[in-house]
Amino acid sequence: MADENAKLIDRLRKAGFSRAAIEAAWPSWWTEDADKSPSGRAELRFALARRLGLDPRPLLGERVEFIWNDEAKFKHLSAASEHQKSALTSFGVSIGRLLLRATPRSGIRNVSADKLRDSILSSNAFVDLESLISACWALGIPVIYLRVFPMEAKSMHAMVVSVDDRFAILLGRDAQYPAPVAFTLAHELGHVMLDHLKGAPALVDVEDPASTSSDDDQEKEADQFALTLLTGGADREIKTNLKEFNAPTLANAVMRAAAQYRIEPGTMALCVGYQTGLWAVATSALNFIYSRSIPAWPEVNGIANSELEWDELSIDSQCYLKKVMAISDV
Ligand SMILES: [Zn+2]
């Protein structure tokens, strides 16, 4: 039967799934003994199908068929194959389904960027990554960083998954500072609030929306939503009083102006970089604004770990989700 499993893994790999995704989805109860009975082998295939978002029946006959074919929206997609797109959508939707089962509904549906900003500012100095994540959870929208990627290349910036008219946000590429992640999250929240999915199971931002220009109207709208939420206006001009600046002087200026503008200093530096075209200077100003450079994902997944109602999930599903989130108490 080991041969049969090797063939099954091979088929899943050919269908576009990374080895890490298949390993994470492989059920923890599976043993050599389980593999000896037809029901054990069928159960294995049902579990893999559920977790990777595949149609289980063809998988029993060792064929891989995706449930959500060609229905997801892909932004800035360059060279991914149809298989890769389907694998990404299927994996994302199956993770979103688990997250939403363990996240209470909020009853609040569409909120404008202005209203959401006001509500966050009523108890925070500015809209930063942490307050934005809290707002998402309060809106019944789980946010996690994927630490297992469905595809071998980590070619996904972020995605929004829709399940039964609810939404989950899955972040992909990590950053060393909170400000760029806050922009990505605010942009994805824009896609949710502006109804950009419209029945699609997923919307995938393959590339970083902050560093790619796009003619896509939904991308522009999501960017505007993000800027309004984070800074108070999509075209809010930030006066630096600096005729010329370098990374340390820009860092200094935005840290002094943050309280007045009610914009998180790192976000303000990125806005100045965007407005002046001096993106590299703004990015290196982040080195001076934050005391240390650390990956964003442990904080994001740490909050998710405490927000999720784990008891709503079976032990096996908990185990799978924790592997995907790289939560260590598995
Ligand atoms: Zn987008």
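For the peptides 203-212, 287-296, residues were scored by their other Cβ atoms within 10 Å and the scores averaged per peptide; the highest-first order is 203-212, 287-296.
Using the Cβ-Cβ distance between S293 and A259 with R0 set to 35 Å, the FRET efficiency from 1/(1 + (r/R0)^6) comes to roughly 0.90.
Potential lengthening of the chain between S122 and S134 amounts to 3.0 nm, from the contour at 0.36 nm per residue minus the alpha-carbon distance. With N the number of residues in the chain, Rg(Cα) / (2.2 N^0.38 Å) evaluates to 1.06.
Quote the Stokes-Einstein diffusion coefficient, in whole µm² s⁻¹, for the stretch 2-60, based on the Kirkwood radius over alpha carbon pairs, a temperature of 25 °C and a viscosity of 0.890 mPa s. Here the translational diffusion coefficient equals 213 µm²/s.
If R0 is 30 Å, what FRET efficiency do you get for E65 and A326 from their C-beta distance, rounded to 0.05? Working from the Cβ atoms, E equals 0.55. The 3J(HN,Hα) values that the Karplus relation (6.51, -1.76, 1.60; θ = phi - 60°) gives for the stretch 53-59 are, in residue order, x, 10, 6, x, 5, x, 5 Hz. Gly and Pro appear as x.
Peptide packing: for 271-278, 193-200, the average count of neighbouring Cβ atoms within 10 Å per residue gives the ranking 271-278, 193-200, highest mean first. Taking the C-alpha atoms only, the angle from helix 82-101 to the longest principal axis of the chain is near 80 degrees. Between the stretch 188-248 and the stretch 15-49, the C-alpha centres lie 40 angstrom from each other. Among 95-103, 310-318, the peptide with the highest mean count of other Cβ atoms within 10 Å heads the list, and the full ranking is 95-103, 310-318.
Relative to the longest principal axis of the Cα atoms of the chain, helix 178-193 runs at roughly 70 degrees.
Rounded to the nearest 10 degrees, the inclination of helix 217-231 to the longest alpha-carbon principal axis of the chain is 60 degrees. At a probe radius of 1.4 angstrom, the accessible area of the chain per residue rounds to 46 square angstrom. Once both labels are positioned 7 Å from their Cα atoms along Cα-to-Cβ, the gap between S213 and W29 label points is 5.6 nm. Once the Cβ-Cβ distance of S39 and R109 is raised to the sixth power relative to R0 = 45 Å, the FRET efficiency obtained is 0.55.
Which pairs in the list K14/K323; K7/K75; K198/K220 are over 24 Å apart, alpha-carbon to alpha-carbon? Listed pairs above 24 Å: K7/K75. Against the criterion of solvent-accessible heavy-atom surface with a 1.4 angstrom probe, V254, V281 sort, most first, into V281, V254.
The values are calculated or read from the model by the stated rules, or taken from the named source; none is laboratory data. What you see is a predicted model; the values in this text were computed from it and never measured. Neighbour counts run over all protein chains shown; Cβ positions are idealised from the backbone, glycine included. Areas reflect the complete protein model, heavy atoms only, side chains present, ligands, DNA and RNA absent. Shrake-Rupley method; radii C 1.70, N 1.55, O 1.52, S 1.80 Å.
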